[in-house]
Amino acid sequence: MLEFEDLPFFDRPDLTPYLVHLTKNSKRQDGYSAFDNLLHILKKGEIWGSDSAKGFIKGPNPAACFMDVPFASLKYVLNPRDSDPTNPRYEPYGIIVTKRWAYNHGCRPVLYLSNDEVDEIGVPKDELWRVVRFEVSKTTGWISWLHEREWRCKGDFKMPSKFSAVLVRTVKEAIALNETLHKTPEKFKALPGSVLPLEVICQGLIPAKPLSR
């Protein structure tokens, strides 16, 4: 019987034992930056699930979303189209948990299906949170988010009290967050083992654009 550690993470460079959840700013809703939303996850000890009203989840149930992407490849996920802070899909801040923990707490790889396939297969309405649209559209071309290799958890995702790491954009932010975590650990329900600056891991990032007022 294979154990988790026996999975082929060392056989291919595109495999990782971790999942990544990236945050983004919600300035228009509550004035929070992506960094603020990262701190909120650490203080509350959970990732709130997104719902259909926020744009990306099908059906009536919210879901918390993760990516199965090696850290160095996040540089390509954080591209100008998807990380523009004026209208972001995500920004270079987030949390890292092991696939083992995520799987044991309800996370699964999503189902990449066309709308017609959802109907043909008969995916129950209550399970639509698992589905990400994947198809060729005659009007818009390819609709594909395969590069995210997404995992989801139904509803909110409860963080472990201690977990692998958090991601921030810069070394300066990593130093500041480390100091905060060590000075006031009692304020946080989820404490990372490390704080990793993405500008180092990714050997550079696209400069952030200033938020428009």
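Could you say whether any residue in segment 86-93 is of a type in the set (D, E, K, R), buried (at least 20 other Cβ atoms within 10 Å of the Cβ) and within 26 Å of residue 187 (Cα to Cα)? Looking for residues that are of a type in the set (D, E, K, R), buried (at least 20 other Cβ atoms within 10 Å of the Cβ) and within 26 Å of residue 187 (Cα to Cα), one finds at least one in segment 86-93, hence yes. Evaluate the following for residue 205: is it assigned to a loop (DSSP other than H, G, I, E, B) and under 18 Å from residue 22 (Cα atoms)? Criteria met by residue 205.
Can you list the helices (runs of 4 or more DSSP H) found entirely within segment 1-103 that contain at least 2 residues being at pLDDT 95 or above and in contact with a Phe, Trp or Tyr (Cβ under 9 Å, 6 or more places away or on another chain)? Working first, answer last.
On the way: elements: 27-30, 34-44, 74-77, 80-83.
In segment 1-103, the matching helices (runs of 4 or more DSSP H) lie at 34-44.
Collect the residues in segment 166-195 that are within 21 Å of the chain's Cα centre (by Cα) and within 16 Å of residue 45 (Cβ to Cβ), keeping them in residue-number order. If the condition is that a residue be within 21 Å of the chain's Cα centre (by Cα) and within 16 Å of residue 45 (Cβ to Cβ), then 166, 188, 189, 190, 191, 192, 193 are the ones that fit.
Pick from 74, 78, 128, 111: which is over 19 Å from residue 158 (Cβ atoms) and in contact with a Cys (Cβ under 7 Å, 6 or more places away or on another chain)? Walk me through it before giving the result.
Working: 78 fails: in contact with a Cys (Cβ under 7 Å, 6 or more places away or on another chain); 128 fails: in contact with a Cys (Cβ under 7 Å, 6 or more places away or on another chain); 111 fails: in contact with a Cys (Cβ under 7 Å, 6 or more places away or on another chain).
When all the criteria are applied, what remains is 74.
Within segment 126-179, which residues are farther than 20 Å from residue 34 by Cα, of a type outside the set (Gly, Ala, Ser), at pLDDT 95 or above and loosely packed, with under 13 Cβ neighbours inside 10 Å? If the condition is that a residue be farther than 20 Å from residue 34 by Cα, of a type outside the set (Gly, Ala, Ser), at pLDDT 95 or above and loosely packed, with under 13 Cβ neighbours inside 10 Å, then 126, 162 are the ones that fit.
Scanning segment 2-35 for residues that are within 21 Å of residue 88 (Cα to Cα) and surrounded by fewer than 16 Cβ atoms within 10 Å (Cβ to Cβ) returns 28, 29, 30, 31. For beta carbons closer than 8 Å, sequence separation of 6+ or different chains, a first residue in segment 163-189 that is assigned to a helix (DSSP H, G or I) and a second that is of a type in the set (Asp, Glu), the qualifying pairs are 171/199.
The values are calculated or read from the model by the stated rules, or taken from the named source; none is laboratory data. This one's a predicted model, so the numbers in the text were calculated from it and none came from an experiment. In this analysis, Cβ positions are derived from the backbone assuming ideal geometry, glycine residues included, and neighbour counts consider all displayed protein chains.
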